[in-house]
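Shown next, in structure tokens, is the structure this report addresses.
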Amino acid sequence: AFGIVNNISGAFGVFRKKILDLIGGWDTGTAEDLDITTRIKQYFGRNKNWKIVFDPYVIGHTDVPETFLGYFKQRLRWEGDLFYLIGRKYLDNIRPRLLNWANYISTIIIIYFMQIILPFVITFYTIYLFYTLPDAYVLALYFMVYLFYVFVLFTYFLLYCLLVSDRLNKDIIYFLYIPLFPFFAFFSRINAALAITHSVINKSHLDSSMAPWWVLKKGKF
């Protein structure tokens, strides 16, 4: 909607070769799909007819981590790479003149606030609550928040099943996971805060198998 695309997933995205040639392909330091997407969007302000097309009718399947440990290790790299790209590498390029106003505002809200600032707010606010208030009060408060999120998730999932899903017999089983998802999301945000901290202190984007270490070391960032 409004020509806004946060990221083109490498598992489900297709790029025109002439566009990749124009922006120079993937850079050293990360193989993150957000790197390509960010550089493509930097042409939107100067080329009003450019757009990233989203096809809502395509179903794509990809490999995912099979364990929670594998998932959190994967997110440790992805969340750290996100900060490296948006908070360091392209910090000076996040401007409406390059991205256009719609993508600029969405970047500020979705990436800077929700994906970089909010994990720290959640982590430190949770610590603050347990430090200043009785445990029973904090747990009761979080239980109310949990019920709200379960209600929202159930509503979204119901709408998905009724309006979107074309394989309802397979998707309906995921209803059983709704009560667990708020816990999963909460710990994912804490993991994101750790990943960003790791990126700031240790430049974790250089710890990657996408290129030999001597190539990564020669990168500007």
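What the table shows:
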{"item": "Scope the range 21-73; condition of a type in the set (S, T, N, Q) and out of contact with any Leu (no Cβ under 9 Å at 6 or more places or on another chain); matching residues", "result": "37, 47, 49, 62, 67"}
{"item": "Failed criterion for residue 219 (all others in (1) in a helix (DSSP H, G or I); (2) surrounded by 11 or more Cβ atoms within 10 Å (Cβ to Cβ); (3) modelled with pLDDT under 90 hold)", "result": "(1)"}
{"item": "Index of the failed condition, residue 36 passing every other in (1) within 20 Å of residue 6 (Cβ to Cβ); (2) over 19 Å from the mean Cα position of the chain (by Cα)", "result": "(2)"}
{"item": "Residue match in the range 44-64 (condition: free of Cβ contacts under 8 Å to residues at least 60 places away in the same chain, assigned to a helix (DSSP H, G or I) and under 23 Å from residue 199 (Cβ atoms))", "result": "no"}
{"item": "Pairs, first farther than 21 Å from residue 52 by Cα and of a type in the set (A, V, I, L, M, F, W, C) in the range 96-125, second surrounded by 17 or more Cβ atoms within 10 Å (Cβ to Cβ) and modelled with pLDDT of 90 or more, C-beta under 6 Å, six or more apart", "result": "120/193; 122/189"}
{"item": "Pick from the range 85-131, criterion within 21 Å of residue 46 (Cα to Cα) and of a type in the set (Gly, Ala, Ser), ranking: surrounded by the most Cβ atoms within 10 Å (Cβ to Cβ)", "result": "106"}
{"item": "Subset of the range 85-110 (residues that are among the basic types (Lys, Arg) and over 18 Å from the mean Cα position of the chain (by Cα))", "result": "95, 97"}
{"item": "Test result for residue 69, touching a helix residue (DSSP H, G or I) at 6+ places or on another chain (Cβ under 7 Å), at pLDDT 85 or above, over 30 Å from residue 166 (Cβ atoms) and among the hydrophobic types (A, V, I, L, M, F, W, C)", "result": "no"}
{"item": "Given (1) in a helix (DSSP H, G or I); (2) surrounded by 17 or more Cβ atoms within 10 Å (Cβ to Cβ), index of the condition residue 18 fails", "result": "(2)"}
{"item": "Identity of the residue in the range 26-43, part of a loop (DSSP other than H, G, I, E, B) and at pLDDT 85 or above, that ends up nearest to residue 193 (Cα to Cα)", "result": "42"}
{"item": "Subset tally (residues that are part of a loop (DSSP other than H, G, I, E, B) and of a type in the set (Lys, Arg)) for the range 65-77", "result": "0"}
{"item": "Breaking point among (1) assigned to a helix (DSSP H, G or I); (2) under 24 Å from residue 58 (Cβ atoms), for residue 147", "result": "(2)"}
{"item": "The one condition in (1) within 30 Å of residue 170 (Cβ to Cβ); (2) in contact (Cβ under 8 Å) with a residue 40 or more places away in the chain that residue 93 fails to fulfil", "result": "(1)"}
{"item": "Selected residue (criterion: nearest to the chain's Cα centre (by Cα)) from residues of the range 41-69 that are of a type in the set (S, T, N, Q) and loosely packed, with under 10 Cβ neighbours inside 10 Å", "result": "62"}
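The values are calculated or read from the model by the stated rules, or taken from the named source; none is laboratory data. None of the values given here were measured: they were computed from a predicted structure. Heads up, the Cβs are rebuilt from the backbone with ideal geometry, glycines too, and the neighbour counts pull from every protein chain shown.
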